[in-house]
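Data first, discussion second: the structure below is written as structure tokens.
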Amino acid sequence: MSMSSPLTESQNTLIKIVIAEDDPQIAEIQQRFLERIADIEVVGVAHSLQEAKDLVQVFQPQLILLDIQFPEGSGLDLLSLLRSENKATDVILITAAREVATLTTALRNGVFDYILKPLNFSRLETSIEKYKVHIKKLSALEKIAQSEVDAFIHAGNEDAHGEVPTGHQRRETRLPKGIDALTLEAVKQLFTNSDDAFTAEKVGKLIGSGRTTARRYLEYLTASKVLVANVSYGSVGRPERRYSLDQSTR
């Protein structure tokens, strides 16, 4: 467990972050990424859940970058503990776990973001910048109106300019029957964190569903211009649709 020195008075506007990652090399990469982002202070790096608990107790960081797989247990247990103790620490999960059940548990415990490994700088930077905006908005509030509540509750529906859609706009983008928001997000994350093309069968295995269910989500995302589908032929000449991220939207 490594620690930085406590923040000085002139540094107290920085966002204090703890990295909890059992792989030292991955933790080092995360720390180097964070050093490239303004107004961030990495106050400690933990390679075990107990070290992470200790760092949270000592430094009371605003944010923790938390892995799920640790030799002695699950990062989801630490997340649950933080919530049960009402700790004022937000969590961004950075994990290789692609199961929908894991994502569902994370969202129910109030994670700020869920990033799939392998981590890239652009995705982490986007998440941290959104967190900065989130904190800034909260600190500027004196009392809330419904519009402010909507801005936080529906933060995932922000457009490219950071604006929350109106009620009418949200109704227009309501998901169709048979499309679950959590599963949809899990499918989108597969492509966001990979340049590969996937078949419906492969996606089904990755998210823990059948091929038919996966195909429904893939076709929805294709119709929404998030993905593109191309036909390829297997070794026996059987055509199959392979899906990849629509590069024109990146």
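Throughout, read-outs are computed from the coordinates displayed, never taken from laboratory work. Because the structure is a prediction, the values reported are computed rather than measured. Reconstructed Cβ throughout: ideal geometry from the backbone, glycine too, with neighbour counts over all protein chains shown.
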Explain nothing, just compute: Karplus ³J(HN,Hα) = 6.51 cos²θ - 1.76 cosθ + 1.60, θ = phi - 60°, for every residue of the stretch 126-138 in order, whole Hz, x for Gly and Pro. 4, 5, 5, 5, 5, 5, 4, 4, 4, 5, 5, 5, 4
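Please work out the FRET efficiency for the pair Gln60 and Asn120, using the Cβ-Cβ distance as r and a Förster radius of 41 Å; give the result to the nearest 0.05.
On the way: r = 29 Å, r/R0 = 0.71.
Given R0 = 41 Å and the Cβ-Cβ separation, E is 0.90.
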Compute the Cα gyration tensor for the stretch 181-249, then decide on rounded, prolate or oblate, letting a ≥ b ≥ c be the square roots of its eigenvalues: rounded whenever a/c is under 1.5, prolate when a/b is larger than b/c in the other cases, and oblate in all that remain. oblate
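Ranked from highest to lowest mean number of other Cβ atoms within 10 Å per residue, what is the order of the peptides 126-136, 93-103, 16-26? Walk me through the intermediate numbers first.
On the way: 126-136: 15.2, 93-103: 18.5, 16-26: 20.2.
Most protected by this proxy first, the peptides run 16-26, 93-103, 126-136.
Can you give the % of DSSP beta bridges in the stretch 2-140 that are antiparallel, to the nearest 5?
If we restrict to bridges inside the stretch 2-140, about 20 percent are antiparallel.
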Under 5 Å, built H, 5+ apart or other chain: amide partners of Ala46: Ile19, Ala20, Glu21
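Sort the stretch 2-140 into rounded, prolate or oblate with this rule: let a ≥ b ≥ c be the square roots of the eigenvalues of the Cα gyration tensor; rounded if a/c is under 1.5, and if a/c is not under 1.5, prolate when a/b is larger than b/c, oblate otherwise.
In terms of gyration-tensor shape, rounded.
Quick check on my link table: of Lys117/Lys225; Lys137/Lys205; Lys130/Lys188; Lys117/Lys202, which ones sit more than 28 Å apart, alpha carbon to alpha carbon? Walk me through the numbers on the way to the answer.
Details: Lys117/Lys225 24 Å; Lys137/Lys205 40 Å; Lys130/Lys188 19 Å; Lys117/Lys202 17 Å.
Correct reply: Lys137/Lys205.
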From phi via Karplus (6.51, -1.76, 1.60), per-residue ³J(HN,Hα) for the stretch 93-101 in Hz, x at Gly/Pro: 7, 10, 8, 8, 6, 10, 6, 4, 4
Under the Karplus relation with 6.51, -1.76 and 1.60 and θ = phi - 60°, whole-Hz ³J(HN,Hα) for the stretch 77-91, x at Gly and Pro, equal 5, 5, 4, 4, 5, 4, 6, 5, 8, 6, 5, 7, 10, 7, 10
Contour minus Cα-Cα distance for Ala181 and Leu107 (0.36 nm per residue): 25.5 nm
